[in-house]
1. How much net charge surrounds Leu481 when only other residues with a Cβ under 12 Å from its Cβ are counted (Lys, Arg +1; Asp, Glu -1)?
2. So what is log10(I(q)/I(0)) for segment 309-496 at q = 0.13 1/Å, when the Debye sum runs over its Cα atoms only?
3. Near Ile112, within a Cβ-to-Cβ distance under 15 Å, what is the net charge of the other residues, with Lys and Arg +1 and Asp and Glu -1?
4. Once both axes come from the Cα atoms, what is the angle between helix 56-76 and the longest principal axis of the chain, in degrees from 0 to 90, rounded to 10?
5. Work through the residues other than Ala92 whose Cβ is under 14 Å from its Cβ and net out their charges, Lys, Arg +1 and Asp, Glu -1.
6. Rounded to the nearest 10 degrees, what's the angle between the helix 475-487 long axis and the longest principal axis of the chain, both from Cα atoms, 0 to 90?
7. Mind sorting Trp334, Trp192 by how few other Cβ atoms lie within 10 Å of their own Cβ, fewest first?
8. In Å, what Rg and Dmax follow from the Cα atoms of segment 9-113?
Amino acid sequence: MSRSKKSGRFGIIDLGSNSVRLVVYAGAQRNPVPVFNEKVMCGLGRTLASTGRLDPKGMERALAAMRRFMALRDQIGIDELVVAATAAVRDAEDGAEFVRQAEDICGFPFMILSGKDEARYAAQGVLSGTPDAEGVVGDLGGGSLELVTVGGGKMGEGATLPLGPLRLMDLSKGNLTLAETIVEKELKDLDWLRRLEGRRFYAVGGVWRNLARIHMAQRKYPIHVLHHYSMPASEAAEISRVIEKLGPKTLSQIPDVSERRIDALPYGALILDKILAATRAKEVIVSAYGLREGVLFDRLDAEEKAKDPLIAGAHDLAGRLARFPEHGDEFFDWTAPLFAKDQLGENKEEARLRLAGCILADIGWYVHPDYRAHHAMTQIMLAPFSGIDHPGRIFLARVGYHRHEGRGEPDLLGDLTGMMNEKENNRALVLGLALRLAFTLCGATTGLLPRTRLSVSKNFVTLTLDRKDEALTGEVVEKRLNALARTLGRKGEIKIK
């Protein structure tokens, strides 16, 4: 498969059993940033189980969507576009004829993914967004379910099952009791699922994301970011069993249920419930990354693949919004004494978060001063980052807030202090105050900080400057140094050498 250029827009059309979707990314890079996303619910696989053929109306809608997507390719300026066709197209008797018509519209050949390919790309997509994933990936499409074990950054055993909600509705003739029997029969021979007890289940697919939204609403969860949203398996199973029993009329009255998912939701819930029972997983993690991101990741070169997705994403956002994106490395080195082993200390993951916080420190500079703190916090909280869980995201958002506001407490998204322990809240405050001091000291420019040094002793936090830079100290610098020192239970002092 050819490698895509890092620069230039990269697009993928996911020709699925239920929907046809075009996603355009800013480039084929480690942190894929979507710049356009459109989905058409076609239902290609709606009648596949009973007729062996694609749904006629679904084909008409899909071909119409492809014509529009080709026009958008020229309008948007997509440098490279691929089409990945999945279960319905590969399994249907008339799948090849449909592909021929669609390829005539597009003018290039499609990727017709086998079940094994689909599972591999789905797992690769999850690993690209969650490199430390340990457990089993489940990608639920309209016509199939892919299950793959992951761990240590690699994929293990896997299976493709004909258990997409559309296919299951067709096979069971709309009878959930019969559907339950079908699901149990398909899962019973997968002995390796039973070896995953106590691990995590990574859920991919629109139906399962919809279940997660309902769970979020029930908990009044303040962060409406689905990627890496976590549900205890017992709660995910409980809400699945409730959804299984609700009819279309009741489901349509739930605000967080997509109208397009109403028919499929009980079947998707049933499948999740049975998987959790089979695996005895401890936790369900929602992944916004799946097959499309797996295809994109596969096209990256080795250097790009090796990058940390969070750090790559932070650099990308800072490159768009910060005055001096290169400031991050200066800040990281300058704040290191505060987090040395004999001070606050930090492990590898905490150092990684500190680096991301330093890179993102200036993304709110252009906003009115009265709104910078909340703007920076919101930008970080809602940014399309991967490689980070929700507590980590909150940590970075609080750092961005304190960098502008000092010791105040954010109230924009409610009280978030309970979502991190006291230690992490304090670390975010210390880093935010240190960055606040750094920006004041250097006038938000590069080059000065490496000539200065922070150090921490038993009683003092000391800022040391060269004699030639003495004039850069002053009342505001002293005030912000003292605020940082008090947080560490010390006094601030300035030394000129």
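1. Working: positive: Arg436, Lys479, Arg480, Arg486, Arg490, Lys491, Lys495; negative: Glu475, Glu478, Glu493.
Surrounding charge for Leu481 is +4.
2. Rounded to two decimals, the profile gives -0.61.
3. Value of the local net charge: -4.
4. 30 degrees
5. On the way: positive: Arg46, Arg53, Arg90, Arg100, Arg167; negative: Asp55, Asp91, Glu93, Asp94, Glu97, Asp170.
Cβ neighbours under 14 Å give a net charge of -1.
6. Between the helix axis and the principal axis of the chain, the angle is about 60 degrees.
7. Trp192, Trp334
8. 13.6, 42
Every read-out reported here was derived from the displayed coordinates using simple, explicitly stated rules and does not represent laboratory data. For clarity, every value in this text was computed on a predicted model and none was experimentally measured. Don't worry about glycine lacking a Cβ; one is built from the backbone with ideal geometry, like all the others, and counts go over all protein chains shown.
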